[in-house]
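The structure appears right after this line, and notes come after that.
The values are calculated or read from the model by the stated rules, or taken from the named source; none is laboratory data. Everything numeric in this text was worked out from a predicted model, so none of it was measured. Neighbour counts are summed over all protein chains in view; Cβ atoms, including those assigned to glycine, are modelled from backbone coordinates with ideal geometry.
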Amino acid sequence: MKFALRIFGALAVVFALYIIIGEQLVGSSGDAYVNTRLAAVRSPVQGTLQLATAPVGGRVALNEVMGNVTGRVADATSLNGLEQARAIAGADIDTVGTSGQMQGESLARLEARAAALDRLLEEKRAAQLSGQAGALRSTVSGVVWSISSFSGEFVALGDTVAQVADCSSPFIHASVDQRLYNRLSVGDAAQFRLHDGPAMEASIALLAGTGPRTLLETLAINPTERLLEGYSVLLAAPGLTENGACPLGKTGRVIFSSGPLSGLGEWLSAIGL
């Protein structure tokens with residue numbers, strides 16, 4: 001019995017060493033996490049902001065109204081002046097028509113002036129109406145990541161009011177060393193193993209390397225200084241959006257080639273464990 005236990009113990013040690021060494025020999029990332037891009041929600045007009053959206057961390061849908069911006073009355077003095085000028089032009093036409101004086105060319109000039117004033121008034125009123133209000137709409141389905149302006153504040157046309165993390169296209173953000181990075185290619189298959197969940201299939205979508213830094217500015221989650229020391233690899237994984245999930249920030253490790261644990265994991269999944 002003791003001899004059998006010793007053999008079993010020795011086999012267990014050999015198997016453990018096989019797992020440890022085999023996993024170290026395959027290509028794998030250090031830390032990896034779920035990331036996505038940010039979509040800006042901008043003011044459609046100049047005016048006073050009124051938000052009606054979920055707080056930071058809340059979910060919004062594509063084209064959902066997040067609030068509105070009410071514009072200031074545009075140049076009311078100018079509009080009043082045009083209306084007065086049009087009234088005077090109309091009175092002059094009536095006077096000429098009833099008195100019988102200044103017929104012909106003079107009357108035609110007065111009518112042309114009145115028509116021009118009508119066109120200006122129509123354009124001015126249309127511009128005023130179009131600038132009175134505008135709805136803030138989310139351009140993606142996702143999570144309200146930040147709000148930079150609040151209800152009651154004045155915002156200019158095009159100002160960023162909020163940022164929404166896009167939950168429709170999350171990806172895995174991994175960091176690898178230079179040796180492994182130079183072996184990888186876009187389209188290569190990989191596996192993302194969540195620290196607190198199952199593994200999922202993935203593929204390399206972008207070899208971002210050490211930059212550009214402008215790319216990082218568009219992402220919801222910026223890598224730590226330690227991760228910035230490595231080479232960035234972005235991977236697509238369809239499983240990230242299953243059942244409407246948006247697992248931003250979830251961490252794990254990416255395996256770029258099959259190791260001993262990959263086969264074991266597949267076997268355990270097949271038997272329902």
- Message: For segment 213-239, give me each residue that is under 18 Å from residue 187 (Cβ atoms), of a type outside the set (Gly, Ala, Ser) and in contact (Cβ under 8 Å) with a residue 60 or more places away in the chain.
- Response: 233, 234, 235
- Message: Give me the strands (runs of 3 or more DSSP E) completely within segment 190-273, filtered to those with at least 2 residues that are at pLDDT 75 or above and closer than 25 Å to residue 144 by Cα, ordered by residue number.
- Response: 231-236, 251-255
- So, first residue free of Cβ contacts under 8 Å to residues at least 24 places away in the same chain in segment 49-67, second residue among the aliphatic types (A, V, I, L, M) and surrounded by fewer than 15 Cβ atoms within 10 Å (Cβ to Cβ), Cβ within less than 8 Å, six or more apart or across chains; the pairs are 52/65
- Note on the structure: In segment 160-181, residues that are assigned to a loop (DSSP other than H, G, I, E, B) and either surrounded by fewer than 18 Cβ atoms within 10 Å (Cβ to Cβ) or basic (Lys, Arg) (or both) total 3
- Task: Out of 157, 184, 219, report the one residue that is surrounded by 14 or more Cβ atoms within 10 Å (Cβ to Cβ) and over 30 Å from residue 68 (Cα atoms).
- Result: 184
